[in-house]
Amino acid sequence: MNRRSASLLVLLGVMLGVAAPFLLPSVVWAQTSRAAPKKDVPPPPAPPPAPAYEYTFVKRESPDEDLVELQRLGGEGWRVVSTVVVDGSTRRYVLMRDRRAEPASH
């Protein structure tokens, strides 16, 4: 066999190897899609629920009254997230906390 024949034979083999998945797709898919069955593998954990928040407003009165009220609300889990000016003069605190579970109704 001369070098030219050998080169053509190698080229033919490469072309058949590249074309095989297209010529025999069911055989290729059957061989590659078989996976060993997994036994005793627990399902992945569910993602945690998205956080839910509740909001409230507190009208600003005086520094001493505000401090007492904000400390009381802080003890209940409220956090000041903003202050708002309403109608150019009335000021309010915006408070937020994680939403608490609703009590079950009987």
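The values are calculated or read from the model by the stated rules, or taken from the named source; none is laboratory data. This structure is a prediction, so every number in the text was calculated from the model and none was measured. The accessibility values were calculated without ligands, DNA or RNA, using every heavy atom of the protein model including side chains. Shrake-Rupley method; radii C 1.70, N 1.55, O 1.52, S 1.80 Å.
Summarise the accessible area of region 46-106 (1.4 Å probe, protein heavy atoms) by the percent that is carbon and sulfur.
Here it works out to 53 percent.
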Which whole-number value in Å² is the accessible area per residue of region 45-89, probe 1.4 Å? 80
